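Below is one structure, written out as C-alpha cells; comments come after it.
The values are calculated or read from the model by the stated rules, or taken from the named source; none is laboratory data. A quick note: this is a predicted structure, and the numbers were derived from the prediction, not measured. Glycine gets a Cβ as well: all are built from the backbone with ideal geometry, and neighbour counts include every protein chain shown. Heads up: the accessible areas ignore ligands, DNA and RNA and are worked out on the full protein's heavy atoms, side chains in. Shrake-Rupley method; radii C 1.70, N 1.55, O 1.52, S 1.80 Å.
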Amino acid sequence: MKVLVDINVIMDFLCHRKNFFDDANRILKKCVKKEIDGIIAAHTVTTIFYLLRKDIPSFAERRAILIDICNIFKISSVDKVVLLNALHDDSFSDFEDSVQNACAANIEADFIVTRNKKDFENSKLPIYSPCEFLEVLAKNEKRN
C-alpha cells in the first residue's frame with residue numbers, strides 16, 4: 001500500500017505537536033516497519049529543513065533528522081512533469097498542495113494522509129486524516 005504522507009503529519013511527529021503526535025508516531029512506525037510504503041514528496045524535505053530552524057537551530061541536528069526521514073520514506077521526485085501537472089490543475093487553490101497531489105498521482109499512491117483534508121478535496125485519490133487512515137489499516141489487518 002503506497003501512501004503519500006503530507007508534510008503536516010511529519011511535522012506533527014517531529015515537533016511532538018499536542019493532540020497530533022500519537023497518530024503521526026503510529027504512522028511513522030508503520031513506515032519504519034515497512035507495513036506501509038510511506039512516501040513523501042522531494043520538496044517536503046527542503047520545507048521541513050526550513051520549518052525546523054525555529055525549533056532546532058543546529059544545522060547538523062536538522063540534517064541528521066532529515067537523513068532519518070529520508071531513510072524511512074520513499075521520496076517522490078518533483079520533476080517537470082509533476083510541476084506542469086500541478087500547474088495545470090486549477091482545482092487546487094494552493095500550489096504546494098497541488099504539487100503534493102501531483103506527486104501522489106505520479107507514483108500511483110493509494111491514499112494521501114493529511115491533517116488538512118480540505119486542502120485536497122479536489123484530489124482524485126482517497127484522502128484520510130491520520131486517525132482515519134489508522135482506522136482503515138486496523139480494519140484491513142482484522143480482515144487478514
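Here are the numbers for this structure:
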read-out: Share, in percent, of DSSP beta bridges within the chain that are antiparallel, nearest 5; value: 0 percent
read-out: Highest-MSF residue in the chain out of 124, 54, 74 [GNM, Cα springs under 10 Å]; value: 54
read-out: Solvent-accessible surface (1.4 angstrom probe) belonging to residue 76, in square angstrom, nearest 10; value: 0 Å²
read-out: Pair-distance profile P(r), taking every C-alpha pair of the chain, with 5 angstrom steps and integer %; value: 2, 10, 20, 23, 21, 14, 8, 2, 0, 0
read-out: Sulfur and carbon atoms: percent of accessible area, the chain [1.4 Å]; value: 52 percent
read-out: Residue (of 71, 91, 5) at the positive-pole extreme of the chain, dipole from beta-carbon charges; value: 71
read-out: Where the chain is the region considered: accessible area per residue in Å², 1.4 Å probe; value: 57 Å²
read-out: Loop-exposed GluC sites (Glu not before Pro) per DSSP, neighbour cap 13 Cβ within 10 angstrom, longest uninterrupted part of the chain; value: 36-107
read-out: Residue-count net charge about residue 114 - beta-carbon cut-off 10 Å; Lys, Arg +1, Asp, Glu -1; value: 0
read-out: Relative contact order for segment 39-91, counting Cα pairs under 8 Å that sit 6 or more residues apart, in percent; value: 52 percent
read-out: Whether segment 45-117 is rounded, prolate or oblate, judged on the alpha carbon gyration tensor where a/c under 1.5 counts as rounded; value: prolate
read-out: Relative contact order (%) - the chain, alpha-carbon pairs under 8 angstrom, separation at least six; value: 29 percent
read-out: 3J(HN,Hα) from dihedral phi, segment 56-73, Karplus parametrisation 6.51/-1.76/1.60, rounded to Hz, x for glycine, proline; value: 10, x, 6, 4, 5, 5, 5, 4, 4, 4, 6, 4, 4, 4, 5, 7, 7, 9
